[in-house]
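A.B. asks: So that we are looking at the same thing, I have put the structure below in structure tokens.
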Amino acid sequence: MKMSYLAYEVELSKRHEKILGQRTVLLQQMEEQLENQTKKKNVRAVKFESANERNALLLKDLEAAEDSLRVGLQTQLHPTVIALETKYWASIEEQLPKWEPFLLGRTRNPVEERSSRPKKMQNQLHQDNDTFKNTNSQSPTSTFRTPPRCPRSGKQK
């Protein structure tokens with residue numbers, strides 16, 4: 001019986017050594033994996049930092065380009081365009097009181113209100129329009145005119 005205990009103890013000792021060997025291998029693998037993760041983390045941090053620097057430079061370039069475009073637009077506008085823009089905003093300011101209640105949701109659209117005139121007025125308007133059409137009757141081809149030529153273009157087709 002002693003032999004069986006001795007054989008059993010030898011077998012247990014071999015299993016123990018095998019388990020310790022597997023443990024050592026697993027510990028080495030874990031250390032290697034930790035080192036790899038640390039390296040990857042450092043690489044990501046470096047890439048992140050360089051991307052932030054690149055993005056900051058791009059943002060500065062875009063802001064500079066935007067500023068130069070603003071300055072270029074302000075200095076290169078034709079006086080006619082500036083006059084039209086001024087008239088446009090003046091007409092907006094003039095029409096705003098009429099549209100403000102509609103925009104605030106208090107009343108109907110001012111254009112719809114104008115079109116909801118009494119039937120008698122609408123009939124009168126239609127008669128006036130018909131009279132105007134009859135007095136200005138022209139052939140259909142003569143009512144459509146070609147757009148004016150651009151004064152800057154010296155070439156003709």
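The values are calculated or read from the model by the stated rules, or taken from the named source; none is laboratory data. Owing to the predicted nature of the structure, the values given are computational and were not obtained by experimental measurement. So basically every Cβ, Gly included, is an ideal-geometry build from the backbone, and we count neighbours across all protein chains shown. In case anyone asks, the SASA skips ligands and DNA or RNA and just uses the protein heavy atoms, side chains included. Shrake-Rupley method; radii C 1.70, N 1.55, O 1.52, S 1.80 Å.
A.B. asks: If I go through region 39-93 residue by residue, how many of them are touching a helix residue (DSSP H, G or I) at 6+ places or on another chain (Cβ under 9 Å) and among the charged types (D, E, K, R)?
C.D. replies: Counting residues in region 39-93 that are touching a helix residue (DSSP H, G or I) at 6+ places or on another chain (Cβ under 9 Å) and among the charged types (D, E, K, R) gives 0.
A.B. asks: For region 1-48, how many residues are open to solvent by less than 100 Å² (accessible area, probe 1.4 Å) and either among the charged types (D, E, K, R) or outside any helix (DSSP H, G or I) (or both)?
C.D. replies: The total comes to 0.
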